[in-house]
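Below is one structure; the comments refer to it alone.
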Amino acid sequence: MTGAMTDRISLTMGGQVYRTWTSFELTRDLSEISGSFQAELRDATRHVSFPWADLMDLRAQVTAGLEVTVAIDGEPVLKGWVDEITPRCGGQVSVSVSGRDKTCDLIDCAATVKGPWEYRRQKIDKIIAAIVKPFGLTVRADVDLGDPIDRVCIDVGEVAMSAIEKLCRQRQVLVLSDGVGGIVLTRGGKGRGPADLVFPGGNVIESAGSDSMRERFSEYHVVAQGEKAGGKRKKKPAKLDVIAHPLGEGGSSGGSGGASSGAYEQTGTKIVGTAKDDAVKRYRPMVVLARNQCDAKIAQAQAEWMSRTARAAAIKLDYPVRDFQAGGKLWRPNELVMVKDSFQAIYRDLLIAGLVYSYGAQGAVTKLRLTGPEAFDLEPEGNRAKNHTQPKKLDTVAHDL
């Protein structure tokens, strides 16, 4: 069934504002730097006469590569580029437009072409600002970024987001897109959502979730090469970046998740950071290589961060709610929200790790993906995995996530 058209969503492309859509999705997720959207205008019944002028205008005027601004109820939520235009004519007539916000180029493109390839004694926001400036992006930080890093190297051909992620991982900083042309260096749960989530009998349409062990490990080891160790060598320093991969969601590296055993044989290379997850009872070690030179304190902090965030990220909860906003405020990622779910025995703050603004046959729906706030903590924030004091009727079934 095709939903009625909505004018709550507008796409401005090529100087023209398009307001009538039959289906729409816009996704933002803390695990993906770039937000994405897909909007479709469709006529399933009058496909022969091409009755909607908007369809023809859309196909004729909009081309891939155009700059686009997406607004919901007049509020810009995404500024970026049109990736694809998909027209269809057969059983029905439709035109689909999809794209991503401006940070998409950081995922696709090289960090630098002509250098600089090395930064010394600079804070990470200054280095990141230099990387993203050619892409027309800005950087702001709302957390302490720590001391300047002694030395940062960018590999030839390294994509921009890989270079940014390795910097943020070294300082346990969460890097986000604000959706409208800015990079934000922050921590998890800096703000609060517009309303509590209540199920059953509340604003949540349905409650679903999962608890997985796939991305959790019994031990986390961070291997680092110190600057002084490298300087003492007579031979060429070990090229750790050749086998180092960016960490994926949950702290795992690409491939098998382990470092080559040869790394331990290199002079000046040693394990300097170790953490454990006591809930993982069998032997499941994870070894990663620090992609910049760091000291023992930083490596230890990285290992503890990997263990903590992997444990929290294993919990995933899905809560679709009616409409795009509550109390006149849009739902947004990286906000804490109080969850009162008697079905899953949850009564505590959780973090909006991702969301999808969706419009279709069911009308306007926001699909919220929640996880433990510790999944994106920069530093330990106490035990945030415990339920709050709960109503007595939940006491017999409540359990900790």
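Looking at the stretch 78-164, the strands (runs of 3 or more DSSP E) lying wholly inside it that each contain 1 or more residues that are modelled with pLDDT under 95 and of a type in the set (S, T, N, Q) sit at 93-101, 118-122. Among the numbered conditions (1) buried (at least 16 other Cβ atoms within 10 Å of the Cβ); (2) of a type in the set (A, V, I, L, M); (3) not in a helix (DSSP H, G or I), the only one that Ala279 does not meet is (1). Selection of first residues in the stretch 331-346 that are within 17 Å of Ala375 (Cα to Cα) and of second residues that are small (Gly, Ala, Ser) and surrounded by fewer than 18 Cβ atoms within 10 Å (Cβ to Cβ), restricted to Cβ pairs under 7 Å at least 6 apart or on distinct chains, gives the following pairs, ordered by first then second residue: Glu335/Gly191. For the stretch 165-212, a tally of residues being in a loop (DSSP other than H, G, I, E, B), buried (at least 18 other Cβ atoms within 10 Å of the Cβ) and among the hydroxyl-bearing types (Ser, Thr, Tyr) returns 1.
In summary, Thr267 fulfils each of the numbered conditions (1) modelled with pLDDT under 90; (2) surrounded by 19 or more Cβ atoms within 10 Å (Cβ to Cβ); (3) not small (Gly, Ala, Ser) with the single exception of condition (2).
Among the residues of the stretch 79-112, those that are in contact with a helix residue (DSSP H, G or I) (Cβ under 9 Å, 6 or more places away or on another chain), without any contact (Cβ under 8 Å) to a residue 60 or more places away in the chain and of a type in the set (A, V, I, L, M, F, W, C) comprise Trp81, Ile85, Val93, Val95, Cys109, Ala110, Ala111.
The values are calculated or read from the model by the stated rules, or taken from the named source; none is laboratory data. Just so it is clear, the structure is predicted and the values come from calculations on it, not from any experiment. Positions of Cβ are backbone-derived with ideal geometry, glycine not excepted, and every protein chain shown enters the neighbour counts.
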